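The values are calculated or read from the model by the stated rules, or taken from the named source; none is laboratory data. Keep in mind that what you see is a predicted model, and the values were worked out from it rather than measured. Virtual Cβ from ideal backbone geometry, glycine too; neighbours counted across all protein chains shown.
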Amino acid sequence: MWLHVSCSLEFELPEATPFIFMLRPRSGSQQWVAREQYIFLPSVTAAEFTDGFGNLCQRLVAPAGTFDVHTAADIHAEDSCDEAPGAAFVPVEQLPEDTLPFLLPSRYCESDRFTDMAWSLAAGYAPGYDQCSAIVDYIQRTMAYTPGTGLYNLSACEINGASTAVCRDMAHLGIALCRALSIPARMVVGYLEGLEPMDLHAWFEAYVGGRWFTFDPTREHLEGGRIAIAYGRDAADVAVYTQFGAPVALVAMHVNLEHRPAPSVVPSP
């Protein structure tokens, strides 16, 4: 399917402020970016770099006053995520090197504190994908997804046992539990078709069966187009913007996703 996605941010800045933005999706196995628009108002010069996780980042200094960022893209995406019950656990010694950082405890995913719990939840399930599914089932049974309530980033230890959570918190818990089983797991931020209310969304991926698979504790099923913007160990790595210096006000944020016909001319992958 072809999707048109957009995100607009409006800031009020007390002084010139350095920013790093992470708003550009990149083409990959599940998505192909055909067209993009990226606008700063007022116009400023930005330098783009790729971070250690492969995310496209934009570095700039925004002037004092009102500063707007608008991004939009036409992207071809799958209409559902691949599922693979039974996909096997990959022994640590056989994992690709680029998956190894996603085995370790991180700021919001204290996997070293979940070993006993993770092995208890995974008992009786085939190592790998089925254990990840058991973790998702546990999160869905024990907490209700309540979008719009997460004012602060919470770690997996802080959210475990809560009755309600936002997508970011549920992903943190899923990641920590997977890593406690020596399954690499990473956070993803992006767009999700049909999300209500529409906003940027967070889920996680786990490396089993020789590839990354999507898991989303906020959804009963994995239907709907997804557009990934950023990957990281946890929320600290995937912030869509980071500002430095005096506090700034995010006055407004608007996120949109809609179906579009295929572009008349599409660059080849």
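For the range 209-219, the criterion of a residue being part of a strand (DSSP E or B), in the same structural domain as Thr149 (by TED's automatic domain parsing), under 10 Å from the mean Cα position of the chain (by Cα) and touching a residue at least 40 places away in the same chain (Cβ under 8 Å) is satisfied by no position.
Within the range 1-38, the set of residues being under 20 Å from the mean Cα position of the chain (by Cα) and not in a strand (DSSP E or B) comprises Pro25, Arg26, Ser27, Ser29, Gln30.
Go through the range 161-180 and give me each residue that's hydrophobic (A, V, I, L, M, F, W, C), within 11 Å of Met143 (Cβ to Cβ) and surrounded by 24 or more Cβ atoms within 10 Å (Cβ to Cβ). If the condition is that a residue be hydrophobic (A, V, I, L, M, F, W, C), within 11 Å of Met143 (Cβ to Cβ) and surrounded by 24 or more Cβ atoms within 10 Å (Cβ to Cβ), then Ala165, Met170, Leu173 are the ones that fit. Flag not set for Leu154, criterion: more than 16 Å from Glu220 (Cα to Cα), part of a helix (DSSP H, G or I) and either under 21 Å from the mean Cα position of the chain (by Cα) or touching a residue at least 12 places away in the same chain (Cβ under 8 Å) (or both).
Within the range 184-206, residues that are in a loop (DSSP other than H, G, I, E, B) have Cβ atoms under 7 Å from residues that are crowded, with 21+ Cβ neighbours inside 10 Å and of a type in the set (Val, Ile, Thr) in these pairs: Leu200/Val189, counting only partners at least 6 apart in sequence or on another chain. Among the residues making up the range 10-68, those that are crowded, with 16+ Cβ neighbours inside 10 Å, closer than 13 Å to Ile229 by Cβ and not basic (Lys, Arg) are Phe21, Met22, Leu23, Pro25, Gln30, Gln31, Val33, Phe53, Asn55, Leu56, Cys57, Gln58. Select from the range 115-130 the residues that are assigned to a helix (DSSP H, G or I) and of a type in the set (Gly, Ala, Ser) and write down the one among them that is nearest to Asn153 (Cα to Cα). Among those that are assigned to a helix (DSSP H, G or I) and of a type in the set (Gly, Ala, Ser), it is Ala118.
For the range 101-114, the set of residues classified as assigned to a helix (DSSP H, G or I) and either surrounded by 15 or more Cβ atoms within 10 Å (Cβ to Cβ) or among the basic types (Lys, Arg) (or both) consists of Pro101, Phe102, Leu103, Ser111, Arg113, listed by residue number.
Criterion first (surrounded by fewer than 24 Cβ atoms within 10 Å (Cβ to Cβ) and without any contact (Cβ under 8 Å) to a residue 40 or more places away in the chain) does Gly245 satisfy it? Taking the combined requirement at face value, the residue does not satisfy it. When the criteria are applied in full, Arg168 fails the requirement of being within 17 Å of Asp216 (Cα to Cα) and free of Cβ contacts under 8 Å to residues at least 12 places away in the same chain. Within the range 4-24, no residue that is outside the structural domain of Pro42 (by TED's automatic domain parsing) and of a type in the set (Asp, Glu) sits with its Cβ atom under 8 Å from a residue that is part of a strand (DSSP E or B) and at pLDDT 95 or above at 6+ positions apart or across chains.
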